[in-house]
Amino acid sequence: MGVKEECGVFGIYNPHGEDAAASIYYGLISLQHRGQESCGIAVSDTNGPKGNMNIHTGMGLVQEVFKEDTLHKLRGNIGIGHVRYSTTGAAALNNAQPLVLNYIKGTLALAHNGNLINTDELREELAQTGAIFRTTTDSEVIAYEIARARVHTRTVEEAIQQTAFKLKGAYGLVIASPRKLIGVRDPLGIRPLCIGKRKDSYIIASESCALTAVGAQFIRDIQPGEIVTVSRGGITSTLHLHQMKEAHCIFEYIYFARLDSTLDGISVYESRLKAGAALARAYPADADLVTGVPDSGITAAQGYAREACLPFIPVFYKNSYVGRTFIKPTQKERESSVRLKLSVLKETVKGKDIILIDDSIVRGTTIANLIHLLKQAGAGKVHVRISSPPFLYPCYFGTDVPSDQLLLAASHSTEDIRQLIGADSLGYMRVEDLSSTVDGLPLCRACFDQNYPIFLNH
(Lines give C-alpha, C1' and ligand atoms only; values in the text may rest on other atoms or scores of the structure.)
Protein backbone atom coordinates (compact mmCIF):
# COMPACT_ATOMS: atom_id res chain seq x y z
CA MET A 1 0.00 0.00 0.00
CA GLY A 2 1.28 3.44 -0.82
CA VAL A 3 -1.68 5.76 -1.31
CA LYS A 4 -2.30 8.13 1.58
CA GLU A 5 -5.56 9.03 3.20
CA GLU A 6 -7.92 11.86 2.54
CA CYS A 7 -9.48 14.19 5.08
CA GLY A 8 -12.63 13.68 7.10
CA VAL A 9 -15.29 16.23 8.11
CA PHE A 10 -18.03 16.15 10.74
CA GLY A 11 -20.65 18.67 11.81
CA ILE A 12 -23.54 18.64 14.29
CA TYR A 13 -26.34 20.95 15.37
CA ASN A 14 -28.04 20.25 18.72
CA PRO A 15 -31.08 22.58 18.75
CA HIS A 16 -31.81 22.11 22.46
CA GLY A 17 -28.44 23.34 23.66
CA GLU A 18 -26.51 20.11 24.31
CA ASP A 19 -22.76 20.69 23.92
CA ALA A 20 -21.54 19.47 20.53
CA ALA A 21 -17.82 18.94 21.24
CA ALA A 22 -18.04 15.41 22.65
CA SER A 23 -20.09 14.19 19.67
CA ILE A 24 -17.65 15.79 17.25
CA TYR A 25 -14.78 14.13 19.09
CA TYR A 26 -16.30 10.65 18.71
CA GLY A 27 -17.24 11.37 15.11
CA LEU A 28 -13.64 12.36 14.31
CA ILE A 29 -12.24 9.24 15.96
CA SER A 30 -14.45 7.17 13.66
CA LEU A 31 -13.04 9.14 10.69
CA GLN A 32 -9.41 8.92 11.88
CA HIS A 33 -8.56 6.56 8.99
CA ARG A 34 -9.06 9.49 6.60
CA GLY A 35 -6.27 11.60 8.06
CA GLN A 36 -3.81 11.44 10.93
CA GLU A 37 -1.64 14.56 10.58
CA SER A 38 -3.81 17.08 12.38
CA CYS A 39 -7.33 17.62 13.67
CA GLY A 40 -9.54 20.28 15.13
CA ILE A 41 -12.95 21.21 16.54
CA ALA A 42 -14.78 24.54 16.35
CA VAL A 43 -18.04 25.17 18.25
CA SER A 44 -20.47 28.00 18.83
CA ASP A 45 -23.61 28.66 20.86
CA THR A 46 -26.62 29.43 18.68
CA ASN A 47 -28.19 31.26 21.62
CA GLY A 48 -25.09 33.33 22.37
CA PRO A 49 -23.34 36.29 20.71
CA LYS A 50 -22.87 35.78 16.98
CA GLY A 51 -19.14 36.50 16.95
CA ASN A 52 -18.10 33.79 19.41
CA MET A 53 -16.49 30.66 17.98
CA ASN A 54 -14.38 28.42 20.22
CA ILE A 55 -11.71 26.42 18.40
CA HIS A 56 -8.94 23.99 19.23
CA THR A 57 -6.57 22.39 16.71
CA GLY A 58 -3.41 20.35 16.99
CA MET A 59 -0.99 18.05 15.22
CA GLY A 60 -1.51 14.33 15.67
CA LEU A 61 -4.37 11.93 16.32
CA VAL A 62 -7.72 12.98 17.79
CA GLN A 63 -7.05 11.25 21.11
CA GLU A 64 -3.66 12.94 21.33
CA VAL A 65 -4.93 16.45 20.59
CA PHE A 66 -8.13 16.41 22.67
CA LYS A 67 -8.22 15.64 26.37
CA GLU A 68 -11.20 15.83 28.69
CA ASP A 69 -10.35 19.32 29.96
CA THR A 70 -9.92 20.62 26.39
CA LEU A 71 -13.30 19.28 25.32
CA HIS A 72 -14.93 20.72 28.46
CA LYS A 73 -13.82 24.22 27.42
CA LEU A 74 -15.39 23.88 23.97
CA ARG A 75 -18.90 24.95 24.91
CA GLY A 76 -21.52 25.31 22.20
CA ASN A 77 -24.41 23.43 20.61
CA ILE A 78 -23.29 23.74 16.97
CA GLY A 79 -19.90 22.81 15.64
CA ILE A 80 -17.68 21.14 13.08
CA GLY A 81 -14.56 19.00 13.16
CA HIS A 82 -11.82 17.86 10.81
CA VAL A 83 -9.13 15.22 10.53
CA ARG A 84 -6.43 16.03 8.00
CA TYR A 85 -3.97 14.44 5.73
CA SER A 86 -2.34 17.11 3.58
CA THR A 87 -2.95 16.89 -0.15
CA THR A 88 -2.72 20.66 -0.60
CA GLY A 89 -0.66 22.75 1.79
CA ALA A 90 2.14 21.67 4.08
CA ALA A 91 1.75 19.44 7.12
CA ALA A 92 1.87 22.28 9.64
CA LEU A 93 -0.29 23.50 12.52
CA ASN A 94 -1.35 26.67 10.71
CA ASN A 95 -2.95 24.45 8.04
CA ALA A 96 -4.97 22.43 10.56
CA GLN A 97 -8.74 22.76 10.26
CA PRO A 98 -11.45 23.86 10.88
CA LEU A 99 -10.65 27.36 9.66
CA VAL A 100 -12.42 30.17 11.50
CA LEU A 101 -12.88 33.47 9.71
CA ASN A 102 -14.07 36.67 11.38
CA TYR A 103 -15.40 39.16 8.85
CA ILE A 104 -17.81 42.08 8.53
CA LYS A 105 -20.91 39.83 8.54
CA GLY A 106 -19.83 37.74 11.53
CA THR A 107 -18.00 34.45 11.94
CA LEU A 108 -17.61 31.46 9.66
CA ALA A 109 -16.04 28.06 10.43
CA LEU A 110 -15.20 25.70 7.57
CA ALA A 111 -13.82 22.17 7.19
CA HIS A 112 -12.98 20.71 3.78
CA ASN A 113 -12.29 17.29 2.32
CA GLY A 114 -11.02 17.34 -1.25
CA ASN A 115 -8.88 19.44 -3.54
CA LEU A 116 -9.44 22.30 -5.97
CA ILE A 117 -7.64 22.59 -9.29
CA ASN A 118 -8.12 26.36 -9.70
CA THR A 119 -6.74 27.39 -6.28
CA ASP A 120 -3.91 29.54 -7.66
CA GLU A 121 -6.26 31.52 -9.87
CA LEU A 122 -8.73 32.15 -7.02
CA ARG A 123 -5.96 32.96 -4.53
CA GLU A 124 -4.43 35.54 -6.88
CA GLU A 125 -7.83 37.15 -7.46
CA LEU A 126 -8.46 37.38 -3.70
CA ALA A 127 -4.96 38.73 -3.01
CA GLN A 128 -5.57 41.50 -5.53
CA THR A 129 -8.54 42.63 -3.42
CA GLY A 130 -6.55 42.68 -0.19
CA ALA A 131 -6.91 39.16 1.22
CA ILE A 132 -4.04 38.11 3.48
CA PHE A 133 -3.64 34.35 3.77
CA ARG A 134 -2.36 32.63 6.91
CA THR A 135 -2.36 29.11 5.46
CA THR A 136 -1.28 27.43 2.22
CA THR A 137 -4.50 25.42 1.82
CA ASP A 138 -7.21 25.67 -0.80
CA SER A 139 -9.70 25.49 2.08
CA GLU A 140 -8.80 29.03 3.17
CA VAL A 141 -9.43 30.22 -0.38
CA ILE A 142 -12.95 28.73 -0.20
CA ALA A 143 -13.59 30.43 3.16
CA TYR A 144 -12.45 33.82 1.85
CA GLU A 145 -14.59 33.46 -1.27
CA ILE A 146 -17.67 32.74 0.86
CA ALA A 147 -16.94 35.68 3.17
CA ARG A 148 -16.47 38.05 0.23
CA ALA A 149 -19.69 36.88 -1.44
CA ARG A 150 -21.61 37.10 1.84
CA VAL A 151 -21.15 40.89 1.99
CA HIS A 152 -23.45 41.22 -1.04
CA THR A 153 -25.99 38.44 -0.36
CA ARG A 154 -29.05 38.05 1.85
CA THR A 155 -27.98 34.69 3.32
CA VAL A 156 -24.87 32.62 3.83
CA GLU A 157 -26.40 29.92 1.58
CA GLU A 158 -26.51 32.39 -1.31
CA ALA A 159 -22.85 33.25 -0.66
CA ILE A 160 -21.90 29.58 -0.60
CA GLN A 161 -23.79 28.96 -3.84
CA GLN A 162 -22.05 31.87 -5.58
CA THR A 163 -18.69 30.58 -4.35
CA ALA A 164 -19.37 26.99 -5.38
CA PHE A 165 -20.03 28.09 -8.97
CA LYS A 166 -16.42 29.37 -9.04
CA LEU A 167 -14.82 26.23 -7.58
CA LYS A 168 -13.29 23.59 -9.85
CA GLY A 169 -12.45 20.31 -8.20
CA ALA A 170 -13.59 18.04 -5.42
CA TYR A 171 -15.06 19.08 -2.11
CA GLY A 172 -17.12 17.88 0.78
CA LEU A 173 -17.64 20.92 3.04
CA VAL A 174 -19.15 21.40 6.46
CA ILE A 175 -19.67 25.03 7.43
CA ALA A 176 -20.85 26.51 10.71
CA SER A 177 -22.22 30.04 10.82
CA PRO A 178 -23.46 31.34 14.17
CA ARG A 179 -26.96 29.93 13.65
CA LYS A 180 -26.63 27.33 10.87
CA LEU A 181 -24.86 24.10 9.97
CA ILE A 182 -24.32 23.69 6.23
CA GLY A 183 -23.05 20.81 4.12
CA VAL A 184 -21.93 21.18 0.50
CA ARG A 185 -20.92 18.44 -1.93
CA ASP A 186 -19.17 19.01 -5.23
CA PRO A 187 -21.36 18.69 -8.35
CA LEU A 188 -19.59 15.53 -9.58
CA GLY A 189 -19.90 13.77 -6.22
CA ILE A 190 -16.17 13.00 -6.18
CA ARG A 191 -15.95 13.34 -2.42
CA PRO A 192 -18.58 11.72 -0.16
CA LEU A 193 -20.90 13.43 2.30
CA CYS A 194 -23.97 12.17 4.18
CA ILE A 195 -26.52 13.34 6.71
CA GLY A 196 -27.89 11.67 9.81
CA LYS A 197 -30.21 12.39 12.73
CA ARG A 198 -30.09 11.69 16.47
CA LYS A 199 -33.34 12.69 18.21
CA ASP A 200 -33.64 16.37 17.20
CA SER A 201 -29.99 16.80 16.25
CA TYR A 202 -28.66 16.66 12.69
CA ILE A 203 -25.20 15.47 11.71
CA ILE A 204 -23.26 15.91 8.46
CA ALA A 205 -20.23 13.68 7.94
CA SER A 206 -17.85 12.28 5.34
CA GLU A 207 -18.93 8.70 5.99
CA SER A 208 -21.87 6.85 7.51
CA CYS A 209 -19.57 5.13 10.05
CA ALA A 210 -19.30 8.50 11.85
CA LEU A 211 -23.07 8.60 12.29
CA THR A 212 -23.05 5.16 13.87
CA ALA A 213 -20.27 6.25 16.24
CA VAL A 214 -22.48 8.96 17.79
CA GLY A 215 -25.68 6.94 17.86
CA ALA A 216 -27.27 8.70 14.89
CA GLN A 217 -29.47 7.22 12.21
CA PHE A 218 -28.32 7.46 8.62
CA ILE A 219 -30.84 9.51 6.62
CA ARG A 220 -29.24 9.72 3.19
CA ASP A 221 -26.23 10.70 1.16
CA ILE A 222 -26.03 14.38 0.29
CA GLN A 223 -26.45 14.47 -3.47
CA PRO A 224 -23.73 15.72 -5.82
CA GLY A 225 -24.14 19.50 -6.11
CA GLU A 226 -26.48 19.71 -3.11
CA ILE A 227 -26.31 22.35 -0.37
CA VAL A 228 -27.99 21.24 2.87
CA THR A 229 -28.79 23.70 5.67
CA VAL A 230 -29.67 22.78 9.25
CA SER A 231 -31.10 25.53 11.42
CA ARG A 232 -33.59 26.04 14.23
CA GLY A 233 -36.37 25.66 11.66
CA GLY A 234 -35.18 22.20 10.58
CA ILE A 235 -33.45 21.06 7.41
CA THR A 236 -33.61 22.51 3.91
CA SER A 237 -31.68 21.92 0.71
CA THR A 238 -31.01 23.26 -2.75
CA LEU A 239 -29.77 21.52 -5.88
CA HIS A 240 -28.81 24.63 -7.87
CA LEU A 241 -25.28 23.22 -8.35
CA HIS A 242 -26.49 19.85 -9.56
CA GLN A 243 -25.49 18.62 -13.00
CA MET A 244 -26.19 15.43 -14.90
CA LYS A 245 -22.59 14.19 -14.93
CA GLU A 246 -21.28 12.37 -11.84
CA ALA A 247 -17.80 10.97 -11.15
CA HIS A 248 -17.46 9.29 -7.75
CA CYS A 249 -13.90 8.52 -6.62
CA ILE A 250 -13.30 4.79 -7.06
CA PHE A 251 -10.60 4.87 -4.40
CA GLU A 252 -13.17 5.61 -1.73
CA TYR A 253 -14.31 2.03 -2.29
CA ILE A 254 -10.91 0.47 -2.92
CA TYR A 255 -9.17 1.99 0.06
CA PHE A 256 -10.22 5.29 1.69
CA ALA A 257 -13.59 4.60 3.26
CA ARG A 258 -14.02 2.52 6.38
CA LEU A 259 -15.22 -1.02 5.83
CA ASP A 260 -18.52 -0.50 7.65
CA SER A 261 -19.48 2.63 5.68
CA THR A 262 -22.02 2.88 2.90
CA LEU A 263 -21.34 5.53 0.25
CA ASP A 264 -23.96 6.52 -2.31
CA GLY A 265 -25.90 3.34 -1.65
CA ILE A 266 -22.87 1.07 -2.07
CA SER A 267 -21.51 -1.01 0.81
CA VAL A 268 -17.74 -0.56 1.02
CA TYR A 269 -17.41 -4.10 2.38
CA GLU A 270 -19.40 -5.65 -0.47
CA SER A 271 -17.50 -3.57 -3.01
CA ARG A 272 -14.16 -4.93 -1.80
CA LEU A 273 -15.45 -8.49 -1.79
CA LYS A 274 -16.55 -8.01 -5.41
CA ALA A 275 -13.13 -6.57 -6.29
CA GLY A 276 -11.44 -9.68 -4.93
CA ALA A 277 -13.80 -11.94 -6.86
CA ALA A 278 -13.12 -10.01 -10.09
CA LEU A 279 -9.39 -10.47 -9.51
CA ALA A 280 -9.85 -14.21 -9.04
CA ARG A 281 -11.71 -14.51 -12.31
CA ALA A 282 -9.19 -12.40 -14.24
CA TYR A 283 -5.99 -13.74 -12.65
CA PRO A 284 -6.31 -17.24 -11.19
CA ALA A 285 -3.24 -18.92 -9.74
CA ASP A 286 -2.28 -22.37 -8.50
CA ALA A 287 -1.80 -21.83 -4.76
CA ASP A 288 -2.45 -23.29 -1.33
CA LEU A 289 -4.00 -20.23 0.30
CA VAL A 290 -5.03 -16.60 -0.11
CA THR A 291 -4.04 -13.84 2.27
CA GLY A 292 -4.23 -10.04 2.39
CA VAL A 293 -2.00 -7.19 3.50
CA PRO A 294 -3.49 -5.84 6.76
CA ASP A 295 -5.76 -4.01 6.80
CA SER A 296 -6.26 -2.73 3.30
CA GLY A 297 -6.08 -6.02 1.42
CA ILE A 298 -8.00 -8.30 3.78
CA THR A 299 -11.55 -7.99 2.43
CA ALA A 300 -10.50 -8.24 -1.23
CA ALA A 301 -8.47 -11.33 -0.27
CA GLN A 302 -11.59 -12.88 1.28
CA GLY A 303 -13.49 -12.17 -1.94
CA TYR A 304 -10.72 -13.73 -4.02
CA ALA A 305 -10.58 -16.82 -1.81
CA ARG A 306 -14.35 -17.32 -1.95
CA GLU A 307 -14.41 -17.03 -5.76
CA ALA A 308 -11.34 -19.28 -6.20
CA CYS A 309 -12.54 -21.88 -3.65
CA LEU A 310 -9.28 -21.50 -1.72
CA PRO A 311 -8.80 -21.01 2.01
CA PHE A 312 -8.32 -17.47 3.27
CA ILE A 313 -5.68 -17.53 6.01
CA PRO A 314 -4.23 -14.47 7.81
CA VAL A 315 -0.45 -14.89 7.71
CA PHE A 316 0.66 -11.53 9.14
CA TYR A 317 0.63 -10.36 12.74
CA LYS A 318 -0.01 -6.63 12.90
CA ASN A 319 1.58 -4.66 15.72
CA SER A 320 -1.02 -1.95 16.37
CA TYR A 321 1.36 0.15 18.45
CA VAL A 322 3.75 1.04 15.65
CA GLY A 323 3.32 4.42 13.99
CA ARG A 324 2.21 4.96 10.44
CA THR A 325 4.88 4.08 7.90
CA PHE A 326 4.45 7.10 5.66
CA ILE A 327 5.55 9.63 8.29
CA LYS A 328 9.07 8.20 8.53
CA PRO A 329 11.51 10.67 6.97
CA THR A 330 13.82 8.31 5.11
CA GLN A 331 13.20 5.25 2.96
CA LYS A 332 15.38 3.12 5.24
CA GLU A 333 13.30 4.11 8.27
CA ARG A 334 10.07 3.41 6.35
CA GLU A 335 11.25 -0.09 5.54
CA SER A 336 12.25 -0.72 9.16
CA SER A 337 8.85 0.48 10.29
CA VAL A 338 7.11 -1.95 7.93
CA ARG A 339 9.06 -4.84 9.46
CA LEU A 340 8.09 -3.71 12.94
CA LYS A 341 4.47 -3.27 11.99
CA LEU A 342 3.97 -6.64 10.25
CA SER A 343 5.55 -9.95 11.03
CA VAL A 344 4.91 -13.35 9.42
CA LEU A 345 3.28 -16.27 11.18
CA LYS A 346 5.84 -18.79 9.93
CA GLU A 347 3.75 -21.89 10.67
CA THR A 348 1.04 -20.73 8.23
CA VAL A 349 3.33 -20.11 5.24
CA LYS A 350 6.13 -22.66 5.40
CA GLY A 351 6.13 -24.71 2.20
CA LYS A 352 2.96 -22.99 0.94
CA ASP A 353 2.31 -21.22 -2.36
CA ILE A 354 0.49 -18.01 -1.54
CA ILE A 355 -1.74 -15.49 -3.29
CA LEU A 356 -1.09 -12.10 -1.65
CA ILE A 357 -3.71 -9.33 -2.11
CA ASP A 358 -3.17 -5.59 -1.61
CA ASP A 359 -5.08 -2.48 -2.67
CA SER A 360 -2.37 -0.68 -4.65
CA ILE A 361 1.27 -0.43 -5.68
CA VAL A 362 2.61 3.14 -5.85
CA ARG A 363 6.37 2.85 -5.37
CA GLY A 364 6.52 -0.90 -4.66
CA THR A 365 8.75 -0.84 -1.60
CA THR A 366 6.18 -2.09 0.94
CA ILE A 367 4.93 -5.06 -1.10
CA ALA A 368 8.53 -6.02 -2.01
CA ASN A 369 9.42 -6.08 1.67
CA LEU A 370 6.42 -8.28 2.51
CA ILE A 371 7.23 -10.76 -0.26
CA HIS A 372 10.77 -10.97 1.09
CA LEU A 373 9.44 -11.62 4.61
CA LEU A 374 7.15 -14.38 3.32
CA LYS A 375 9.89 -16.17 1.42
CA GLN A 376 12.27 -15.73 4.33
CA ALA A 377 9.66 -17.51 6.48
CA GLY A 378 9.63 -20.50 4.12
CA ALA A 379 6.84 -19.66 1.66
CA GLY A 380 7.09 -21.14 -1.83
CA LYS A 381 5.66 -19.06 -4.63
CA VAL A 382 4.06 -15.67 -3.89
CA HIS A 383 1.48 -14.52 -6.44
CA VAL A 384 0.55 -10.85 -5.99
CA ARG A 385 -2.89 -9.52 -6.92
CA ILE A 386 -3.78 -5.82 -6.66
CA SER A 387 -7.39 -4.66 -6.25
CA SER A 388 -6.79 -1.45 -8.22
CA PRO A 389 -5.47 -1.00 -11.76
CA PRO A 390 -1.91 0.36 -12.19
CA PHE A 391 -1.52 4.01 -11.20
CA LEU A 392 -0.43 5.78 -14.37
CA TYR A 393 -1.52 9.39 -13.85
CA PRO A 394 -1.61 11.86 -10.93
CA CYS A 395 -4.81 12.71 -9.07
CA TYR A 396 -5.80 16.38 -8.71
CA PHE A 397 -8.92 15.89 -6.59
CA GLY A 398 -7.66 15.09 -3.10
CA THR A 399 -6.12 11.63 -3.42
CA ASP A 400 -2.40 11.77 -2.73
CA VAL A 401 -1.30 9.96 -5.87
CA PRO A 402 2.02 11.63 -6.70
CA SER A 403 3.24 12.97 -10.01
CA ASP A 404 3.63 10.34 -12.70
CA GLN A 405 7.44 10.55 -12.38
CA LEU A 406 7.05 8.87 -8.97
CA LEU A 407 4.51 6.27 -10.06
CA LEU A 408 6.19 2.92 -10.64
CA ALA A 409 3.63 1.76 -13.22
CA ALA A 410 4.05 4.95 -15.28
CA SER A 411 7.60 3.95 -16.24
CA HIS A 412 7.61 0.16 -15.77
CA SER A 413 5.66 -2.68 -17.34
CA THR A 414 3.78 -5.18 -15.20
CA GLU A 415 6.56 -7.70 -15.82
CA ASP A 416 9.20 -5.14 -14.77
CA ILE A 417 7.28 -4.48 -11.55
CA ARG A 418 6.87 -8.19 -10.88
CA GLN A 419 10.62 -8.63 -11.05
CA LEU A 420 11.33 -5.53 -8.96
CA ILE A 421 9.06 -6.64 -6.10
CA GLY A 422 10.14 -10.29 -6.28
CA ALA A 423 6.68 -11.78 -6.99
CA ASP A 424 6.21 -15.02 -8.91
CA SER A 425 3.28 -13.48 -10.77
CA LEU A 426 1.48 -10.15 -10.68
CA GLY A 427 -2.06 -9.22 -11.68
CA TYR A 428 -3.83 -5.86 -11.39
CA MET A 429 -7.55 -5.16 -11.32
CA ARG A 430 -8.75 -4.51 -14.88
CA VAL A 431 -10.13 -1.01 -15.47
CA GLU A 432 -13.16 -2.49 -17.20
CA ASP A 433 -14.00 -4.50 -14.04
CA LEU A 434 -14.17 -1.48 -11.70
CA SER A 435 -17.76 -0.56 -12.51
CA SER A 436 -19.03 -4.01 -11.48
CA THR A 437 -17.61 -3.56 -7.97
CA VAL A 438 -19.87 -0.53 -7.34
CA ASP A 439 -23.02 -1.65 -9.19
CA GLY A 440 -22.43 0.68 -12.15
CA LEU A 441 -22.03 3.91 -10.12
CA PRO A 442 -20.47 6.61 -12.36
CA LEU A 443 -16.78 6.77 -11.43
CA CYS A 444 -13.75 9.00 -11.56
CA ARG A 445 -10.90 6.68 -12.47
CA ALA A 446 -8.57 9.24 -14.03
CA CYS A 447 -5.50 8.02 -12.13
CA PHE A 448 -5.87 4.81 -14.16
CA ASP A 449 -7.09 6.00 -17.57
CA GLN A 450 -6.38 9.80 -17.69
CA ASN A 451 -10.07 10.49 -18.31
CA TYR A 452 -10.36 13.47 -15.94
CA PRO A 453 -13.97 14.53 -15.25
CA ILE A 454 -12.95 18.22 -15.16
CA PHE A 455 -10.91 19.95 -17.85
CA LEU A 456 -7.35 20.52 -16.63
CA ASN A 457 -5.57 23.59 -17.89
CA HIS A 458 -2.15 22.47 -16.64
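Restricting the search to strands (runs of 3 or more DSSP E) fully inside the range 1-106 and requiring at least 1 residues that are in contact with a Lys or Arg (Cβ under 8 Å, 6 or more places away or on another chain), buried (at least 21 other Cβ atoms within 10 Å of the Cβ) and at pLDDT 90 or above gives 8-13, 38-44, 78-84. Any idea which residue in the range 133-182 is surrounded by the fewest Cβ atoms within 10 Å (Cβ to Cβ), counting only those that are part of a strand (DSSP E or B) and in contact with a helix residue (DSSP H, G or I) (Cβ under 8 Å, 6 or more places away or on another chain)? By that ranking, first place goes to Lys180. Annotation note: Cβ proximity below 8 Å between a residue of the range 31-58 that is under 21 Å from Cys7 (Cβ atoms) and touching a residue at least 24 places away in the same chain (Cβ under 8 Å) and a residue that is in a loop (DSSP other than H, G, I, E, B) and polar (S, T, N, Q) (sequence gap 6+ or interchain) occurs for Leu31/Ser206; Arg34/Ser206; Glu37/Ser86; Ser38/Gln97; Gly40/Gln97; Val43/Asn77; Thr57/Gln97. Among the residues of the range 300-334, just one is modelled with pLDDT of 85 or more, over 19 Å from Leu374 (Cβ atoms) and exposed (fewer than 14 other Cβ atoms within 10 Å of the Cβ), namely Cys309. Within the range 342-350, is even one residue touching a Leu at 6+ places or on another chain (Cβ under 7 Å), modelled with pLDDT of 95 or more and more than 17 Å from Gly422 (Cβ to Cβ)? Within the range 342-350, none of the residues are touching a Leu at 6+ places or on another chain (Cβ under 7 Å), modelled with pLDDT of 95 or more and more than 17 Å from Gly422 (Cβ to Cβ).
Being under 19 Å from Gly303 (Cβ atoms), of a type in the set (A, V, I, L, M, F, W, C), touching a residue at least 40 places away in the same chain (Cβ under 8 Å) and outside the structural domain of Pro394 (by TED's automatic domain parsing) is a description that applies to Leu443. Considering the conditions (1) under 19 Å from the mean Cα position of the chain (by Cα); (2) in contact (Cβ under 8 Å) with a residue 24 or more places away in the chain, Thr229 is excluded by exactly one of them, (1).
For the range 279-293, the candidate set comprises residues that are within 11 Å of Gly427 (Cα to Cα) and hydrophobic (A, V, I, L, M, F, W, C); within that set, the residue that is farthest from the chain's Cα centre (by Cα) is Ala285. If a residue must be in a helix (DSSP H, G or I) and either modelled with pLDDT under 95 or touching a Cys at 6+ places or on another chain (Cβ under 9 Å) (or both), how many such residues does the range 418-448 contain? Residues in the range 418-448 being in a helix (DSSP H, G or I) and either modelled with pLDDT under 95 or touching a Cys at 6+ places or on another chain (Cβ under 9 Å) (or both): 3 in total. Can you name the residue in the range 107-130 that is farther than 24 Å from Arg191 by Cα and outside any loop (DSSP other than H, G, I, E, B) and, of all such residues, is farthest from the chain's Cα centre (by Cα)? Among residues in the range 107-130 that are farther than 24 Å from Arg191 by Cα and outside any loop (DSSP other than H, G, I, E, B), the one farthest from the chain's Cα centre (by Cα) is Gln128. Among the candidates Val100, Val83, the residue that is closer than 27 Å to Arg154 by Cβ and in contact with a Ser or Thr (Cβ under 9 Å, 6 or more places away or on another chain) is uniquely Val100.
Scanning the range 183-207 for residues that are farther than 27 Å from Leu116 by Cα and part of a loop (DSSP other than H, G, I, E, B) gives Lys199, Asp200. Just one of the listed residues (Ala109, Ala159, Ala176) is in the same structural domain as Met59 (by TED's automatic domain parsing), over 26 Å from Glu252 (Cα atoms) and not β-branched (Val, Ile, Thr), namely Ala159.
The values are calculated or read from the model by the stated rules, or taken from the named source; none is laboratory data. On a predicted model such as this, the values are computed, not experimentally measured, just so you know. No Cβ is skipped: glycine too gets one built from the backbone with ideal geometry, and neighbour counts run over all protein chains shown.
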